[in-house]
Structures are given as C-alpha cells and as structure tokens.
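The values are calculated or read from the model by the stated rules, or taken from the named source; none is laboratory data. This structure is a prediction, so every number in the text was calculated from the model and none was measured. For neighbour counting, all protein chains shown are included, and Cβ atoms are generated from backbone atoms with ideal geometry for every residue, glycine included. Remember, those area values only see protein heavy atoms, side chains included, never the ligands or the DNA or RNA. Shrake-Rupley method; radii C 1.70, N 1.55, O 1.52, S 1.80 Å.
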Amino acid sequence: MKRFLSAAIPVLAFALMTPVTLGADGDEQDQQIAILQSSHTLAEKDAACARLKWIGTARCVPALSTLLTDRDLSHSARYALESMPGAEAETALLQALAKASGSNQVGMINSLAVRQDPEAVEALGKLLSDADANAACAAAMALGRIGGPQGLRALQASWDTSASGPLHEAEADGLLACANGLLAEEKEPAALVVFQKLYDTAKTDKIRQAAFCGVLLSSGRAGIALMSKAIAGNDGASQIAALQVAAEMEGRPVTRALADLLPNVKPPVQIALLACLDRRSDSFCLPGVEQMVKSTNLAVRLAAIKAAGDLGDGSVAALLAEKASEATGAEKNAARQALLDLRRGKVTPALLKNLTNAAPAVKAELVWAIGGRGDKSAVPKLLELARGPDADLRANSLQALASLSGPAQLADLVQLVVQSTNEDARAQAADTLGSVCQRIEARSGHCDTEALVKAVRTAPLEARLALLPVCGSLAEAPAREALRAALEDSDFPVREAGVRALCDTHDGELLPDLLKAYHGDYERQKGAYNLKLRMLAFRAYIRLLTQEESVRLSDEQKIAALRTILETPLSADEKRLVLSGLSSIPDSKALALASPMLDDPIVKAEAAQAVIQISSALPAAQAEEAAVALTKVLASNPDPAIQSSAEEARKKILKMSGYVTQWQVSGPYEQQGRNFSELFDIPFAPENDQTTPGLWKNVPLSASAAESWKMDLLKVLGGEQRVAYARIWIYSPTQQKVHVELGSDDGFKFWLNGAIVYSNNASRALQPGSDPTDVILNEGWNALMLKVTQNTAGWEFCLRFTQASGEPVPGLKISTNPDANSRKTP
C-alpha cells in the first residue's frame with residue numbers, strides 16, 4: 001500500500017499541473033487577471049476565479065489575494081487558491097487569515113485544511129484559543145486534516161486544557177483524524193498513544209467510543225483480549241466500540257474469541273455478537289451459533305437461526321429442519337428461510353441423507369426445503385419418496401416435484417398417477433403432473449403429452465379419470481383428441497370426467513366441443529346430474545368465448561356466437577351467463593343483443609348491468625346508441641342502485657355524444673414567410689374547388705376509443721405554420737336547428753353548405769366546446785368544411801352536434817364520401 005501511495009502522488013501532481021503545463025494559455029490568464037482588476041460584474045469576476053483555478057499560476061496570486069477580504073468574492077478567490085500549487089498561494093491565504101474574521105475567517109481555515117500544508121499549523125494552532133468558537137472549532141478540524149507531528153502536537157497541547165463543549169468535540173475529531181492517519185501509515189504504537197489518551201480523558205461517550213475503536217485496531221493481537229474484555233464488561237462506550245470493530249478485525253483468533261463469549265454474556269449482547277459473527281462470514285464459529293439456536297430467549301434464537309443459515313452447511317440442516325417443525329410464527333419462518341439460505345458445501349445431499357431417520361414432521365420440513373432450494377439433483381430421491389407408503393412424506397415430495405420436475409420427469413409422474421393405490425395419492429400425483437405440464441407449456445409453448453395420452457387410453461379406470469383433468473389444462477393437439485375420445489366413451493364415468501375436464505380448458509380449439517356438451521350431444525344417460533354437467537359446459541363456453549385471453553377471437557366472432565345461442569331457448573341462469581359474456585364486449589352490436597333482455601322480468605337486473613357496462617365502454621361515435629339503451633334502463637328498472645349507475649353512465653356518455661369521428665382532410669397548405677395567423681384569410685384550393693382529384697383523403701378512425709372524439713392533424717400532417725381543411729356531409733331527416741360545439745388548436749373557419757358560419761383566428765390549446773354556435777341543417781345532406789390553422793406544438797380539433805338540451809340529435813348521419821350517389825337519403 002505504501003508503494004502504491006508513493007507512486008500515485010507524482011501522478012496526481014502531474015494531473016493537477018496538466019492544465020497549466022500542458023497548453024495553458026498565458027494570454028488567457030492575463031485576460032482573467034484583468035477582469036479581476038477591472039469594474040466587471042461580480043458574476044464575471046466569479047467566473048474568472050473559477051477559470052483561474054485550472055489555468056492559474058503564481059502570476060495570478062496577487063490579483064486573487066486582493067479579493068480574499070472581499071465579502072462577495074472571497075469564497076471564489078479561496079476556491080481558486082486552495083488547490084493551486086506553490087508557496088505563493090499558501091502565503092496569500094495565511095496573510096488573509098490574519099486579517100479575516102467571522103465566516104470569512106472560517107472559510108480561510110477550511111481552504112488551508114484543503115491544502116494540508118504543515119506551514120499553516122502555527123497560525124491554526126493559535127486559533128484554538130480564539131474567542132470565536134466557530135473559528136476555533138474549524139481550526140481544530142483543519143489541524144486534524146493536516147495531521148503530521150506538528151498538527152498532532154498543536155491539538156494535544158490544547159486538548160489538555162479544553163473544557164467540554166463544541167471545541168472539545170472538534171479537537172477530539174482532529175485528534176482522531178491524526179491518529180487514524182498514523183494508523184494508515186502503519187504506525188500503530190504512535191496511533192495507540194493518541195487513541196488511548198483520548199479514551200482516558202474524553203468527556204463524552206461518543207468520543208470515548210470512537211477512541212476505543214482506534215485502541216483496538218492499533219493494539220495488534222493484544223486488541224483481541226481488549227475486545228473480549230470490553231464486550232463482556234459493563235462500559236457501554238467500550239462495549240459498543242468493540243462490537244463495531246469486531247466485524248472488521250481480521251483473523252481466526254478474533255472469530256474464536258467472539259464465539260467463546262457467546263454463552264457468557266447477556267441476551268442483548270449475544271444478539272449483537274451473533275450479528276457480528278454473521279458479518280464476519282467465518283464458519284469456524286458455527287458450533288457456538290448452533291448452541292444459541294437452542295437458547296431460551298426468542299430474540300437470541302432468531303439471530304442464531306439467521307446466522308446458521310448464512311454460515312452453515314449441510315451439517316446444520318437437521319437442526320434447522322427440527323426447529324422449523326416445532327416452532328411457530330416468526331421462528332418457524334426464520335428456520336425455513338435459513339434452510340433455503342444454506343449455500344456452503346453440498347447441502348442437498350445432506351438434506352436427503354437426513355430424511356432417512358428424521359421424525360415425520362422434520363422430514364416434511366426437509367422436503368419443503370429441497371423443493372424451495374430449486375436443486376433438481378434431488379428429483380430422483382423425491383420420486384422415490386413419492387412412491388413410498390408414508391402419506392405425509394409423499395404429499396410433501398409431490399409438492400417439491402411440482403416445482404423441480406421438467407420434461408424428463410413427465411413419464412415418471414404419469415406412472416405415479418397410474419400406480420397409486422388410493423384416491424388421495426392418485427389425486428395428489430395428478431395435481432403435480434398438471435402443474436408441471438402447465439409450467440412447461442407456459443415456458444416453451446409446448447408440452448410432450450405422449451405418456452399422458454397413452455395412459456388416458458390404456459390405464460385402469462381410476463387413473464384415466466385422474467389424468468383427464470390434466471388433458472383439460474393443456475392446449476396440445478394430442479390432449480385435445482384424448483378429451484374428445486373420452487367424451488365419446490361408452491363408460492359414463494369417463495364421459496363425465498371428460499366433460500368436467502373440458503370445462504376447465506383454456507384451449508380455444510375446444511369451443512365447439514363445449515357447445516356440443518352443452519347441447520347434450522355426448523349424453524348417453526338422462527337425469528338431473530347431466531343437467532348440471534350441461535350447465536358447467538355452458539358456463540365454460542361463455543368464459544372461454546369472452547374472458548380467456550389466450551383465445552384469439554374478434555368481438556365480431558364473439559357476438560356472432562352469442563347471437564346464435566340467444567336464438568335458442570335458454571334458462572334464466574343461461575341468459576345471465578350470456579349477459580355476463582356480452583358485458584365484456586365494448587361493441588354496439590353487443591349492446592343490441594343485451595338491450596332486449598331489459599324486458600325480461602327474470603333477468604332484467606343482470607341485463608341492466610350489462611347494458612351499463614357495455615355503454616360505458618363504447619367509443620364516442622356510438623354514444624347515441626348507448627344513450628338510448630341507458631334511457632331504456634332508467635325507464636325499465638326502478639332499483640335505486642341500477643338507476644344511479646345508469647344515470648351516471650348516461651351523463652358521461654352525453655358529454656361524448658354527437659362528436660364527428662370520421663373526416664376527410666386536405667393539406668397541409670403554407671406560404672413562405674407567412675405565419676399561421678396570416679394564412680387564416682388566404683384562400684387555398686379547397687375554398688375554390690373541392691372536386692380536384694386527390695385533393696382529399698380519408699382519415700382513419702382513432703385507435704383509442706377514449707379519444708375518438710378528437711381529430712389529431714399533427715399526427716396526420718405534421719409541421720408548423722400551416723393550415724389544413726377537413727370536411728364531412730351530414731344527413732338531417734328534417735330541416736332543424738342544431739347546436740354545434742367546436743374546439744380547435746389553433747384557429748378555425750367553419751363553412752356549412754358553402755357559407756361561413758363562424759371563425760376564430762386564435763393561438764390556443766384544444767378545449768372541447770370552446771366555440772359554441774347554432775346552425776340550421778337542411779333536410780337531406782349538408783356539406784360542412786373546416787379550416788384549421790397550426791402555429792406550433794399541437795394541431796387538433798373536435799366538433800359535435802347536440803340538441804339545445806345536450807341530448808343527441810336523432811336521425812343524424814355522417815358520410816365522408818363526396819359521391820352524390822352514395823349520399824342518397826338513408
């Protein structure tokens with residue numbers, strides 16, 4: 001370390017000198033000096049000081065020195081001088097120190113501390129008796145930072161006479177810094193003298209504690225005995241210090257001394273010792289830690305259990321498993337965690353070996369730990385235990401196998417099911433097999449079902465019945481065919497098991513099979529029990545159709561399937577299931593299927609909830625249909641809760657109703673040197689001739705239902721300082737006055753049937769409804785065009801039609817097709 005430090009110092013000095021000696025511009029230095037000596041602003045002088053810190057030489061010291069007593073620039077000047085090589089900077093700071101006072105004086109002291117120049121010791125030593133307590137404390141800290149024999153002597157002389165208080169603590173900090181410097185230089189005897197004197201004469205436990213840490217670290221091997229005595233003693237400061245240092249002191253003798261103390265100290269100290277030994281990571285102390293696991297004090301046991309988990313190997317597995325089996329609460333959890341934390345040596349073989357003679361409860365904990373540790377080398381032994389006669393051990397082994405097994409164990413797990421001699425064992429093995437298969441399929445996208453499918457076809461009846469649910473949990477073609485074969489089996493228990501397995505499927509390919517099961521296509525025996533199976537199949541069909549994320553069906557496909565079901569006679573429970581499926585589809589066609597059931601007195605409450613849910617999810621373009629459906633809910637269902645939900649949903653929907661979401665746009669248009677405001681009144685092509693081919697293009701509907709009311713021109717056209725045009729045709733069944741709410745970012749002009757209705761040349765963000773007006777729509781089709789300007793940032797607009805009351809305007813239709821033939825009266 002000494003060699004490294006001595007080699008590093010020249011490199012560091014070279015690095016500090018580099019800005020000056022390697023290309024520092026003398027002219028630039030003179031320029032900065034001139035700024036300091038001129039009437040430039042404080043900010044400019046501050047910047048000059050900062051630059052001189054890096055390029056300055058002895059030539060700039062006089063200019064900086066004059067600023068050391070300047071109230072505003074003293075700090076800047078010190079900042080430049082404190083790291084500048086050369087005696088000139090040191091002299092300047094010392095001269096300024098003699099003249100300074102208050103915070104400026106403290107600043108000078110701190111800068112001298114940064115320089116760590118022994119030449120400053122004499123001046124700083126005198127300040128230890130200064131009337132200004134802040135200056136005296138700063139001087140003590142600076143002397144400690146400078147260190148060396150001179151700094152140490154100055155501090156020791158003052159320490160002998162100082163009273164308690166801030167100066168006493170500052171001198172202590174300085175002396176500790178000096179002593180730690182000696183310790184770093186491997187001058188332990190000299191450091192020990194300082195530390196010992198501080199410990200013997202300090203007036204606060206805080207200082208004594210820090211000093212005793214130094215005593216221990218500088219006492220060599222004798223420090224071990226001192227540490228042990230302090231930990232076993234009653235002096236709080238030395239005891240805390242010893243426990244702090246114990247984790248840092250190196251060597252096996254330290255570990256031995258700490259371990260020997262364990263049975264001879266009080267519980268609070270035992271807990272601290274255990275934490276210390278844990279941090280030392282020396283397994284030599286393990287026997288002592290094991291004894292503490294048996295302590296009568298719970299807190300001690302918890303600390304010992306944690307240490308055993310961190311320090312132990314397989315030899316402590318039995319002890320921790322026994323503790324986990326007999327303990328409760330936090331202690332049980334700690335023992336289990338320690339079993340998982342064991343990382344030294346060959347832990348898994350030790351866990352397996354202990355299984356031979358352990359008590360049943362301990363065996364259960366050992367197997368639990370094997371599974372939790374994730375060591376797959378234990379799988380063969382676990383399979384052996386799973387075949388054994390011990391029911392509890394079998395169950396625990398299967399639980400571990402569920403997390404450790406992989407593709408290579410599938411055939412063995414299938415055989416566990418086939419060879420099980422009782423129903424509980426068979427069910428447990430089948431559950432494990434199912435968990436492993438699903439995990440494999442989820443991770444790799446495929447699970448080999450060869451052994452499973454073969455057993456479903458050929459195994460004894462009890463095994464077939466247990467294995468069919470595993471087939472139902474997978475989305476594999478062979479498992480799918482095995483299920484279908486079971487549904488056609490001549491044996492009713494197999495058919496029943498097949499239907500039940502089918503009802504748990506996540507495989508969209510089995511939707512038709514669920515529908516067949518519901519319709520009774522697989523029934524060979526009549527009775528109420530089969531009706532229950534049919535309802536299970538129906539429930540599974542609705543779930544798979546509408547709720548299963550893995551089933552990739554469009555809303556259109558889901559609605560078509562539900563529409564087909566609704567065309568058949570349904571029970572009340574079946575209607576409720578259909579409504580639950582419809583409620584998850586945000587589509588007006590789903591709303592159209594749910595709304596008629598508001599008239600069914602048996603399911604009108606469920607229908608109302610479905611209508612409310614669907615309506616709330618519809619985009620703005622379908623707000624009118626949602627409002628009509630919710631109005632029907634309010635009229636048909638007096639339930640206060642439903643009324644409240646429907647009214648709240650209707651209010652939200654009315655705020656979104658009437659928005660035009662389909663537009664054609666033309667543009668952008670711009671002129672060199674003209675901004676958006678000037679472009680507002682310049683007529684471009686769409687204002688003169690709208691029939692030019694390619695002038696207009698349809699804009700796709702917004703992908704976000706929540707923002708379908710807003711037209712984002714920036715996304716479509718981009719840019720700044722430009723304009724664009726948007727148009728649509730509106731069909732009105734009669735001539736009528738309607739309310740129009742416009743909003744734009746930035747300005748807009750509004751034409752209806754070729755006449756300007758409203759305009760606003762503005763620069764603003766979009767605010768829906770910021771420009772309301774009333775217009776007369778002719779009977780039939782009406783042409784509407786907007787011109788929207790773009791300044792910077794956003795470029796958006798929105799437009800909606802409502803009645804004066806805020807209700808939707810009935811019968812309005814929107815078209816973006818300019819072909820007159822396509823705009824016939826609807």
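Of note:
- The set of residues in region 322-353 that are open to solvent by less than 30 Å² (accessible area, probe 1.4 Å) and hydroxyl-bearing (Ser, Thr, Tyr) contains only 348.
- Qualifying residue in region 694-711 (condition: of a type outside the set (A, V, I, L, M, F, W, C), closer than 15 Å to residue 789 by Cβ and in contact (Cβ under 8 Å) with a residue 24 or more places away in the chain): no
- Number of residues in region 67-87 that are open to solvent by 10 Å² or more (accessible area, probe 1.4 Å), in a helix (DSSP H, G or I) and either over 15 Å from residue 51 (Cα atoms) or among the hydrophobic types (A, V, I, L, M, F, W, C) (or both) equals 1.
- Those helices (runs of 4 or more DSSP H) of region 308-404 in which at least 2 residues are within 36 Å of the chain's Cα centre (by Cα), considering only elements entirely within it, cover 317-326, 329-341, 347-354, 360-373, 391-404.
- Candidate set from region 507-540 (those that are among the charged types (D, E, K, R) and outside any helix (DSSP H, G or I)); member that is modelled with the highest pLDDT: 507
- Some residue of region 519-532 being among the aliphatic types (A, V, I, L, M) and under 30 Å from residue 420 (Cα atoms): no
- Residue count for region 599-619 satisfying the condition of being in contact (Cβ under 8 Å) with a residue 40 or more places away in the chain and part of a helix (DSSP H, G or I): 1.
- A single entry from 288, 223 fulfils the requirement of being in contact with a helix residue (DSSP H, G or I) (Cβ under 7 Å, 6 or more places away or on another chain) and within 30 Å of residue 169 (Cα to Cα): 223.
- Taking the numbered list (1) under 30 Å from residue 636 (Cα atoms); (2) open to solvent by less than 60 Å² (accessible area, probe 1.4 Å); (3) charged (D, E, K, R) in turn, residue 599 passes all entries but (2).
- Strands (runs of 3 or more DSSP E) wholly inside region 736-780 that include at least 1 residues being open to solvent by 40 Å² or more (accessible area, probe 1.4 Å) and closer than 25 Å to residue 677 by Cβ: 736-745, 755-760, 771-777
- Of residues in region 90-128 being under 53 Å from the mean Cα position of the chain (by Cα) and hydroxyl-bearing (Ser, Thr, Tyr), the one surrounded by the fewest Cβ atoms within 10 Å (Cβ to Cβ): 101
- Any hit, region 743-764, residues being basic (Lys, Arg) and over 15 Å from residue 669 (Cα atoms): yes
- As for region 359-373, it holds no residue that is surrounded by 14 or more Cβ atoms within 10 Å (Cβ to Cβ) and touching a Cys at 6+ places or on another chain (Cβ under 9 Å).
- The set of residues in region 435-463 being buried (at least 23 other Cβ atoms within 10 Å of the Cβ) and under 19 Å from residue 398 (Cα atoms) consists of 437, 452.
- When region 784-806 is filtered for residues that are open to solvent by 40 Å² or more (accessible area, probe 1.4 Å) and either aliphatic (A, V, I, L, M) or touching an Asp or Glu at 6+ places or on another chain (Cβ under 8 Å) (or both), the ones remaining, listed by number, are 792, 793, 804.
- Some residue of region 88-97 being part of a loop (DSSP other than H, G, I, E, B) and more than 19 Å from residue 52 (Cα to Cα): no
Residues are listed down the side, and each one gets a yes or a no for (1) open to solvent by less than 30 Å² (accessible area, probe 1.4 Å); (2) in a helix (DSSP H, G or I); (3) at pLDDT 95 or above:
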residue	(1), (2), (3)
225	no, yes, no
230	yes, yes, no
240	no, yes, no
249	yes, no, no
254	yes, yes, no
259	yes, yes, no
284	no, yes, no
299	no, yes, yes
306	no, yes, yes
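- Of all residues making up region 781-818, the number that are closer than 21 Å to residue 626 by Cα and assigned to a strand (DSSP E or B): 8
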